[in-house]
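The values are calculated or read from the model by the stated rules, or taken from the named source; none is laboratory data. For clarity, every value in this text was computed on a predicted model and none was experimentally measured. Note that we place each Cβ from the backbone using ideal geometry, even for glycine, and neighbour counts take in every protein chain shown. The area values use the complete protein model at the heavy-atom level, side chains included, leaving out ligands, DNA and RNA. Shrake-Rupley method; radii C 1.70, N 1.55, O 1.52, S 1.80 Å.
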Amino acid sequence: MSWLEKLENGELPLKSNDIGSLPLKYNMENFELALKIKVEAGLDFITFPQFADWDMIAMYLDPLVKQECGIEKKGEAYYYDVSSFSKPKSIDTTFLKSARTLIARGRTIKRPDLVDKIRVPLTGPITLTYSTHNVEKGELTLAFDESSFLVFSEIIYEEILDAYIRMKPPIITIDEPLLGAFQMPIIGQYELGRIGRSPLIEQYLIVLEKILDKIKLKGIIPSIHTCADLSPDLLEFLFDLPSLRLLFLENYEIDPEERARRLEIVKNALKESENAEKITMGVGMVNTKVNRNTIDPLIISAKEEEERTGKDLAEIILEKALKNPAIIDKQEEINALAKKYKEILTPERMWCNPNCGTGGWFLLFKEALLETGVGKNVEKAEEIAKKVGLEITKIKLKQLITAQKTITA
């Protein structure tokens, strides 16, 4: 029986999964550490690691730059020339291969059952193209030129997708954090939710359904992950995609009233969708975002305490972070949110996951340490950022598993 059949038969109820990135810089030592953290958290499925410095954009576009597929890199920015797009000669599937190999060896990871439970997060075509600039105009792609999106999807993205399908993972997720851009007036008079579907939304849904259907035909679970609180209209459009089976949805809000409002939007969108009974949802249980307005005062206060007491700065920062309600959700609120989603989804159609990856914690603390002047140098700032970010990540994964156990008890 394929993974897709297991999902559709209700044999994968209430599964836990992480979204991807961790607060680590990319190297193979950290790759193994990332896997170890995910496995030891007790997750049912794990996502092969992504990193703070080689992120979900770079890990797919950098290899295309090297192969001269019509994309080039200048500094940290990517540029495209639609007239020179060409199929890549090869696609790097090292992440999935390495994850399977490390788990199979069992050297540091004692869960051999997870060898075939590694989710592939494949950054979506809208996010990859929106992250590039027009060579001639110096403009972001989707804001001005939808033709490049279509060419990119058909010529390049299909090759990346095919390479991962051949690896036969249980789940391939199209990660579209910039899907929320469709809700903003970025193209002429267009604003989703006020005037309905635009030509661009129609084109995108056609491309997305083609991608999902290709995954589904191979018995792999086709899924989408978004990084925004989507409008009711956009949620309904996604729910109505015939091949969509698993949607990782986020709920960033810590405020209980705002979380309840988002829950009601999901509930109503499911009611309006003809495809709703086929949809399983991965629900964002723990917050993974916080801004500098929270971090900077915390770090400055920690520095003052270090000077006053002589205690280790990293330990002080971590202690303050773990006590801050804007950083660490209350477990009872996480449990309550999980129970509410269980009521509208049922256990057979619900997964538990963080709102997003946690790689941002590394960059957030590093930048705050350096820009506030608390961090003495880059190396020290990175050391503290890694330590604090990883501990926050571990706690949030534990909170996620606790919530899962609460609703399965």
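Observations
- Compactness of the range 24-75 as Cα Rg over 2.2 N^0.38 Å, two decimals: 1.42
- Projected-area average for the chain over all orientations - Cα convex hull basis, square nanometres: 20.3
- When shorter helices are ignored and each DSSP H run of at least 4 residues is given -39500 (n - 2.57), the per-residue value for the chain at 222 nm works out to -15000 deg cm²/dmol.
- Amide H within-cut-off set for S21, under 5 Å, with H built and near neighbours excluded: Q50, G357, T358, G359
- With a simple spin-label model that places each label point 7 Å from the Cα along the Cα-to-Cβ direction, the separation between E391 and A336 comes to 2.8 nm.
- Cα centroid separation, the range 287-332 to the range 88-103 (Å): 37
- Approximate spin-label separation A163-E304, in nm, with each point projected 7 Å along Cα-to-Cβ: 5.1
- If a spin label sat at a point 7 angstrom from the Cα of A409 along the line to its beta carbon, the backbone N atoms of the range 331-351 nearer than 18 Å would be those of 331-343, 347.
- Gain in span if fully extended, K398 to H133, counting 0.36 nm per residue against the direct Cα distance: 91.4 nm
- Over the range 352-394, relative contact order from alpha-carbon pairs under 8 Å, at least 6 apart, %: 43
- Evaluated with a Cβ-only charge set (Lys, Arg +1; Asp, Glu -1), the chain carries a dipole of roughly 1480 debye about its Cα centre, given to the nearest 20.
- Relative contact order of the chain: 19 percent, from C-alpha pairs under 8 Å at least 6 residues apart in sequence.
- Cross-link reach list, aspartates and glutamates versus K74, counting only Cα pairs under 16 Å and skipping chain neighbours closer than eight places: D62, E136, E139
- Taken per residue, the accessible surface of the chain reaches 42 Å², heavy atoms only and a 1.4 Å probe.
- Among A58, G359, P170 - extreme Cα towards positive end, dipole of the chain, charges at beta-carbon: P170
- Within the range 1-90, the GluC sites (Glu not before Pro) that combine a DSSP coil assignment with at most 10 other C-beta atoms in a 10 angstrom radius are E76.
- Ordering of 126-134, 329-337 by packing [mean C-beta count within 10 Å, highest first]: 126-134, 329-337
- Mean Cα-pair separation over length for the range 49-137, i.e. relative contact order, pairs under 8 Å, 6 or more apart, %: 30
- With the simple spin-label model, which puts each label point 7 Å out from Cα in the Cβ direction, the S83 to K267 separation comes to 5.6 nm.
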